[in-house]
Amino acid sequence: MKKSLIALAVLAASGAAMAQSSVTLYGVADAGVTYLNGNDNWSGVTSGNNLTSRLGFRGTEDLGGGLKANFVLEGGFNLDNGDGASGYAGAKAGEGFQFKRRSTVGLAGSFGEVRLGRELTAAYNATARYDVFGSVGLAQSRLWADGGVVDANANAAAVTTNQRVSNMVTYVSPDFTGFKVGLNYGFGETTNGNSDSSYLGAGLMYDNGPLSLGLGLERLNEGANSVATSDIDAWSLGGSYDFGVAKLLAGYRTSKVDLAAGENKRNGAYVAVTAPVGPGLVRASYNRYENKLNGGKAKADQFGLGYVYSLSKRTSVYGTYAYLKNKDGASLYTLGSGGLKNNGSQQGVQVGVSHAF
Amino acid sequence: MKKSLIALAVLAASGAAMAQSSVTLYGVADAGVTYLNGNDNWSGVTSGNNLTSRLGFRGTEDLGGGLKANFVLEGGFNLDNGDGASGYAGAKAGEGFQFKRRSTVGLAGSFGEVRLGRELTAAYNATARYDVFGSVGLAQSRLWADGGVVDANANAAAVTTNQRVSNMVTYVSPDFTGFKVGLNYGFGETTNGNSDSSYLGAGLMYDNGPLSLGLGLERLNEGANSVATSDIDAWSLGGSYDFGVAKLLAGYRTSKVDLAAGENKRNGAYVAVTAPVGPGLVRASYNRYENKLNGGKAKADQFGLGYVYSLSKRTSVYGTYAYLKNKDGASLYTLGSGGLKNNGSQQGVQVGVSHAF
Amino acid sequence: MKKSLIALAVLAASGAAMAQSSVTLYGVADAGVTYLNGNDNWSGVTSGNNLTSRLGFRGTEDLGGGLKANFVLEGGFNLDNGDGASGYAGAKAGEGFQFKRRSTVGLAGSFGEVRLGRELTAAYNATARYDVFGSVGLAQSRLWADGGVVDANANAAAVTTNQRVSNMVTYVSPDFTGFKVGLNYGFGETTNGNSDSSYLGAGLMYDNGPLSLGLGLERLNEGANSVATSDIDAWSLGGSYDFGVAKLLAGYRTSKVDLAAGENKRNGAYVAVTAPVGPGLVRASYNRYENKLNGGKAKADQFGLGYVYSLSKRTSVYGTYAYLKNKDGASLYTLGSGGLKNNGSQQGVQVGVSHAF
């Protein structure tokens, strides 16, 4: 929530006109030691357990008349080994740094904001914010991270994760007494002139005092070359209420697609709580995942508990514990390397440092 | 033409000596929606239509006695999807950010400037500046961008586009009453000790009030392993005259090489005009391309029209229209994805935002 | 030794709290012309001959009570062609920029400093500092750069050069009357739960007035899948004494591993001298390398001479000469492209500019 601001003096090449502007260099360096106990044990240094490690550049220019131009360039990296690769689909080990987290240019005014480029979808922004583990680390909700609307074979051009979409035109409304709407259209950019691989989504957010609600709607247009024989539709819902002494959160997400093997429906839900304890925050969540394919059903439960101890507004040390249990012989998810125990379970801990700059 | 300047205080490790210096962080974020009408229609979000999207770092140090040291590190990226790849030969989809637009270190004084590294050639700088569309977007002149002196199989080490060359020693003269000369030698860096793949070029510029002229000369030394059986030679000429109410521009480029199939000669020419209209600039150009191979001749015509509306000195919205027509059944060029119509033509529009920082 | 410091004002998102912080953007742009005389002659523009070309971001935050948080993100690049690849194992031509030189987050206090991530090992830091050519360029000591403890097949996850290790937990002690200790543990991160590929190392440094000493100890845990049938052990020792008019330096390094072909032992030693002459520094070194495999022994000698002329504290021009001679028909090392002469020798010169920012 804090930003390093570099004050810049913008100089005309002629030396004549002079205006004030700002470019912000910002980022996160987060690494910790992770231990996993499953079929085999695994230990190592992992990056981005509390906040994703990232480096970004962004700026805003006041154009007058209430109009502003802005840009954001943000990429992830693995702090444990320096790789630029950052978890988007198609990333290779050792790959260079790039602006895969966000690359946008936009114009903002009283009408809201219009942006072009790659970023988190409005649907994701509306409801993933209720994951108390911030979509990172062992105990993150896998509703968005692993499962969900996008299959790997679809929309290579427009969608490279199920959280971020490339080639988008985005509209974000101003705040209407607590309500805010975001709309995304991601071009499929197919060469045969149809709408294959295009993405359409919307997010609705309501924030008023202690109450926060979010709704996300998504459709990914599937082409004939995909493993899917229908469009992929998804919706998600979430909310939180801050009682002061503690905050309660909950979320739900479902997606549906027809595959050659039959209808595939993925559902997931979580309830979570955070409570300030001392200089830090206790976080706990319970997730339930379901994956139904042509009548069959696979299920998994996940429990997470963590504490974030703030050394300052920018720097924290954290500890996280997660337990995952796949039911009935399924292997829907793992927490990481090392594999599941025979009973389908795996548990792990992470201890580390998170520094925002 | 504007730069974001970060004032830096250079501190000796000992804390003793202190001097003033500057490093500049700069760049462009440009994206728009492109629609192409050809054999198939194509639409999408594209990066760098008015100005190439880029991020750079550069600095200058005053060494005293009129001598200055400088460096430039500049890379391109695709704002539509965050890729670091930026159109140089050999770039792969998803490739990381790198300083392929320019990476140089130099010393400048009353003698001019000597630089080492990769950058635009002097020949390109001298004459490509008369393309009113700035060598980017649908309506750019393809004299430099697609056609020209460098074939893909040659000089992988030293030349990775036909605009920029690696491994160069560059000299740029001071201004002599409007005249300026640039010289480039790019090492071929072959292991067998000969001069294969080396690049030699020169650019002459004359700028005096409303009149501007440029001449470029280039030779690429071809080795036995290339598809070429001779060196590749090229020269280009261009000029402009600013009448105030409008500016007229024209350019010509020709290259020649012997291939196994016979002599290959590429020629191209354009005439163009820009005129300030309201807060923006109207730009129009007509290009003619010719490719002669062993007696046969392929031709194409291209027409471009655009308007750049300046919201500030750094931010613009733009619209560009281009029409390309290959003659006599040839398919010399396309404007982009979707393919040519049966009559060899394709047209397209781009609307977008360009923000320099 | 100098740093460009960007003063940053850290603003709370609420606009309320405000604290001072700093992020430093720094780097080196170094390129020169290299000529090699061996079996074939080779010439070209090369990057990082006096100081490795690099770009980095680093910052420190004062957490109060003597505690500080810090991060370093630093990557190398090839200034001659703009590539992000920088000599680490597995780097590909044209690869993007990434933080392979260093990516760490740490906490420092009166207890010393604990860091997580990838960086130079403490053993390397303790003794490689006596190489008068700074481990770069033609005349660098190859004790660390090419030979040494790490074979290419081992520890792909944790060790990607023999100087830097990924996935490390690092401890650096405070200064005890001139003594300083560094400890590294690099996780192997194997999925089968054993300690294969893990790295353990220590460095001891003593610096007191004109006298400087260093000791490095390393063990790389080899797994069954490696070409090695034992762990790899190495130790190194070095020192220098500054007589004012000149500084004398010396170093030794040895590593041992059992291969299928028998015991492999690599030894190397150097003596060196630097002396301030005019505004610059003369540097000279003599290296002797030995590689014993199952009784057989290959040897090489290397002589280097250089001058670094300082135009300022940040900018230098340099010239370096190196002569390498492999003995008794061996081909332990080369200076670069072009191959060895029939007598096993190669020589070369480098002239260039080095600019730190």
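Going by the conditions given, is A:Gly134 surrounded by fewer than 21 Cβ atoms within 10 Å (Cβ to Cβ) and in a loop (DSSP other than H, G, I, E, B)? Yes, satisfied. With the structure loaded, tell me whether B:Lys341 is more than 30 Å from B:Leu215 (Cα to Cα) and among the basic types (Lys, Arg) or whether it fails that test. Criteria met by B:Lys341.
Condition (residue is more than 11 Å from chain B (Cβ to nearest Cβ) and of a type in the set (Asp, Glu)) applied to region C:61-70: is it met by at least one residue?
yes
Looking for something of a type outside the set (S, T, N, Q), over 22 Å from A:Thr104 (Cβ atoms) and either in contact (Cβ under 8 Å) with a residue 12 or more places away in the chain or assigned to a strand (DSSP E or B) (or both) - is there at least one such residue anywhere in region A:191-200? Yes; the residues of region A:191-200 include at least one that is of a type outside the set (S, T, N, Q), over 22 Å from A:Thr104 (Cβ atoms) and either in contact (Cβ under 8 Å) with a residue 12 or more places away in the chain or assigned to a strand (DSSP E or B) (or both). Taken across region A:332-346, residues that are closer than 30 Å to A:Ala261 by Cβ, part of a strand (DSSP E or B) and touching a Leu at 6+ places or on another chain (Cβ under 8 Å) do occur, with at least one present.
Residue count for region A:176-190 under the criterion of being surrounded by fewer than 17 Cβ atoms within 10 Å (Cβ to Cβ) and in a loop (DSSP other than H, G, I, E, B): the result is 2.
Quick check: is even one residue across region A:101-115 farther than 20 Å from A:Leu183 by Cβ and either within 14 Å of chain B (Cβ to nearest Cβ) or at pLDDT 95 or above (or both)? Yes, because at least one residue in region A:101-115 is farther than 20 Å from A:Leu183 by Cβ and either within 14 Å of chain B (Cβ to nearest Cβ) or at pLDDT 95 or above (or both).
Restricted to region C:280-313, and to residues there that are within 14 Å of another protein chain (Cβ to nearest Cβ) and in contact with a Leu (Cβ under 9 Å, 6 or more places away or on another chain), the residue that is farthest from B:Asn192 (Cα to Cα) is C:Ser312. Among the residues of region C:26-47, none qualifies, meaning not one is within 13 Å of chain B (Cβ to nearest Cβ) and either within 22 Å of A:Ala31 (Cα to Cα) or among the basic types (Lys, Arg) (or both). For A:Ser354, the conditions (1) within 30 Å of A:Phe57 (Cβ to Cβ); (2) buried (at least 23 other Cβ atoms within 10 Å of the Cβ); (3) in contact with a Gly (Cβ under 7 Å, 6 or more places away or on another chain) all hold with the exception of (3). If you go through region C:256-303 and pick out every residue that is at pLDDT 85 or above, touching a Ser or Thr at 6+ places or on another chain (Cβ under 6 Å) and assigned to a strand (DSSP E or B), you end up with 8. Of all the listed residues (A:Val72, A:Val23), the sole one being in a strand (DSSP E or B), at pLDDT below 95 and surrounded by 19 or more Cβ atoms within 10 Å (Cβ to Cβ) is A:Val23. With respect to being farther than 22 Å from B:Leu237 by Cα, of a type in the set (S, T, N, Q) and modelled with pLDDT under 90, B:Asn326 falls outside the description. With respect to the conditions (1) aliphatic (A, V, I, L, M); (2) farther than 30 Å from C:Gly64 by Cβ; (3) surrounded by fewer than 18 Cβ atoms within 10 Å (Cβ to Cβ); (4) more than 19 Å from the chain's Cα centre (by Cα), A:Val277 lacks only one, and its number is (2). Do we find a residue being in contact (Cβ under 8 Å) with a residue 40 or more places away in the chain, under 30 Å from A:Leu305 (Cα atoms), among the small types (Gly, Ala, Ser) and surrounded by fewer than 18 Cβ atoms within 10 Å (Cβ to Cβ) anywhere in region A:203-215? No: zero hits. Selection of region A:27-68 for residues being out of contact with any Gly (no Cβ under 7 Å at 6 or more places or on another chain), more than 17 Å from C:Arg115 (Cβ to Cβ) and surrounded by 21 or more Cβ atoms within 10 Å (Cβ to Cβ) yields A:Ser43, A:Phe57, A:Gly59, A:Glu61. Among the residues making up region A:280-296, those that are of a type outside the set (Phe, Trp, Tyr), in contact (Cβ under 8 Å) with a residue 12 or more places away in the chain and surrounded by fewer than 20 Cβ atoms within 10 Å (Cβ to Cβ) are A:Gly280, A:Leu281, A:Val282, A:Ala284, A:Arg288, A:Glu290, A:Asn291, A:Lys292, A:Leu293, A:Asn294, A:Gly295. Any chance region C:2-16 includes a residue that's part of a strand (DSSP E or B), facing another protein chain (nearest Cβ under 7 Å) and at pLDDT 90 or above? Within region C:2-16 (the criterion being part of a strand (DSSP E or B), facing another protein chain (nearest Cβ under 7 Å) and at pLDDT 90 or above), the answer is no, since none of the residues qualifies. Just one of (1) over 23 Å from B:Leu249 (Cα atoms); (2) without any contact (Cβ under 8 Å) to a residue 24 or more places away in the chain; (3) not aliphatic (A, V, I, L, M) fails for B:Ser337. It is (2).
The values are calculated or read from the model by the stated rules, or taken from the named source; none is laboratory data. Note that this is a predicted model, so its numbers are computed, not measured. Cβ coordinates were reconstructed from backbone atoms using ideal geometry, including for glycine residues, and neighbour counts include every protein chain displayed.
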